[in-house]
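Participant: Provided herewith is a single structure, encoded as structure tokens, for subsequent inquiry.
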Amino acid sequence: MHNNKITTDIALALAELQAGNLVAFPTETVYGLGALATNITAIEKVFATKGRPQNHPLIVHIGSKDLLARFARDIPNAAYKLADTFWPGPLTLILRKQEHVLPIITGNQDTVAIRIPNHPITLKMLQQLGNGIVGPSANKYGRVSPTSAKHVAEDLHDNEILILDGGAAIVGIESTILDLTSTPTIRRHGHISVVQIENVLQTHIQVDLTFNPNASVSGTHLAHYAPNTTVVLVPPAELQDYIQQLNHHQFSVLSWQEPSINNVYWQQAFDNPEDYARELYANLRHHDSLQNSLIIVEMPPLDIAWAAIVDRLKRASSKSK
Ligand code: TXA
Ligand code: MG
């Protein structure tokens, strides 16, 4: 039973946002659960709807670079260089915040996370709005992020939220997060790689995925992006042996290897990280819907091209149940 209305009507979405209501919106990464960045009551609803702890800061989505200075101050040149290269796109920048930016957005920190998402409908909406929209992924806290309007409707069916339908997300995993408030540091891997950023900035950048300003920041929190079914990540060389000793379990498999057992949903994984990432969350949701006791996932190569995917899989498999 879904109470959500799914639409492609931008005017309707804008009216909802202006009225202080939430709108789930498409991006190239995952769907966001949006509220007007200046409406504290609406932002409180985002946390309540997701079941997300209030100290987890939110990303501000904007529709044009002109709005960057409205939300951030002391903006380094590096930010403009990266914005010129990657925006609209799956790169979030952490910058010093302007005084007026609500503490509920920033988790009471002096910094704010900002990006211009690359999706035609959402860009149009943001440009017409001329304001920021805060939006975490539009799923219940800790669950698999949604990459379609249908996923959002499944997750948030208890809430009467308008869902702006922009089709399936083309990137499929959350944006890369780069902290520019000191030495440039990656805080979350994503589609835009360390190397791409280094090429633009012409400098070495650090990677610190443990950064934790508020004790438990979402995305550094381990039990994240997790299906209900237990996910087990198994190295390629151990996969066949692992499966052989699972005879009393019901399970499904996502792997590059040929099936070695009958009567099991054994999905062939994509060879390239772009396709793998785009389908990852939909695949995890499908495996989850089979209601087996385990989802066996073959560990991808330990190569930088797979870093964002390995990160999401580790989180999906780290749930202590
Ligand atoms: O691709 C994405 O980034 C998607 C789409 C909807 O834009 N959004 C998303 O939001 O993944 P969420 O809330 O699931 O993740 C936001 C991440 C969290 O890891 C949060 O800790 C980090 O951004 N973040 C936000 N503001 C921050 C800040 N001021 N300092 C450090 N981290 C921050
Ligand atoms: Mg999320």
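Please treat every number below as a calculation from the coordinates, not as lab data. This is a predicted model, so every value here is computed, not measured. Please note: Cβ atoms are built from the backbone with ideal geometry, for glycine as well, and neighbour counts cover all protein chains shown.
Participant: Based on alpha-carbon centroids, what's the gap between segment 53-70 and segment 246-321 in Å, whole number please?
Facilitator: Each part's Cα centre sits 32 Å from the other's.
Participant: Now for a separate question. Using the Karplus curve 6.51 cos²θ - 1.76 cosθ + 1.60 with θ = phi - 60°, work out ³J(HN,Hα) for each residue of segment 253-260 in order, rounded to whole Hz, and write x for Gly and Pro.
Facilitator: For segment 253-260, the Karplus-derived couplings read 9, 10, 7, 8, 7, 6, x, 10 Hz, x marking Gly and Pro.
Participant: Continuing with this model, one more query. Relative contact order for the chain: what is it in percent, counting Cα pairs under 8 Å that are at least 6 residues apart?
Facilitator: Relative contact order comes out at 21 percent.
Participant: At what distance in angstrom do the alpha carbon centres of segment 71-137 and segment 144-170 lie from each other?
Facilitator: After rounding, the separation between the Cα centres reads 22 Å.
Participant: Using the 10 angstrom Cβ neighbour count as an exposure proxy, how do Ile116, Ile133 rank, fewest first?
Facilitator: By the 10 Å Cβ count, ascending, the order reads Ile116, Ile133.
Participant: Hey, another quick one. Divide the volume of the convex hull of the Cα atoms of segment 8-139 by its number of residues and quote the answer in cubic angstrom per residue.
Facilitator: Considering the Cα atoms of segment 8-139, their hull volume per residue is 90 Å³.
Participant: Could you tell me the convex hull volume per residue, in Å³, taken over the Cα atoms of segment 72-168? Intermediate values should be presented prior to the final figure.
Facilitator: Working: hull volume 12.7 nm³, N = 97.
Hull volume normalised by residue count: 131 Å³.
Participant: For the Cα atoms of the chain, what angle does the longest principal axis make with the long axis of helix 77-86, in degrees from 0 to 90, nearest 10?
Facilitator: Tilt of helix 77-86: around 60 degrees.
Participant: If the viscosity is 1.567 mPa s and the temperature 4 °C, what translational diffusion coefficient in µm²/s does Stokes-Einstein give for the chain when Rh comes from Kirkwood over Cα pairs?
Facilitator: On the way: Rh = 20.1 Å.
Diffusion coefficient, whole number: 64 µm²/s.
Participant: Using only helices, what value at 222 nm comes out for the chain when you add -39,500 (n - 2.57) per DSSP H run of length 4 or more and divide by the total residues, to the nearest 500 deg cm²/dmol?
Facilitator: On the way: 11 runs with 96 residues, N = 321.
That calculation yields -8500 deg cm²/dmol at 222 nm.
Participant: Taking GluC sites (Glu not before Pro) as exposed when DSSP calls them loop (any state but H, G, I, E, B) and at most 16 other Cβ atoms lie within 10 Å, what is the longest stretch of the chain free of them, the sites themselves excluded?
Facilitator: Working: sites that count: Glu99, Glu160.
Formally, the longest exposed-site-free interval is 161-321.
Participant: Fewest to most neighbouring Cβ within 10 Å: what's the order for His151, His286, His157, His204?
Facilitator: His204, His157, His286, His151
Participant: Calculate how many DSSP beta bridges within the chain are antiparallel, expressed in % of all such bridges and rounded to the nearest 5.
Facilitator: Around 40 percent of the beta bridges assigned by DSSP in the chain are antiparallel ones.
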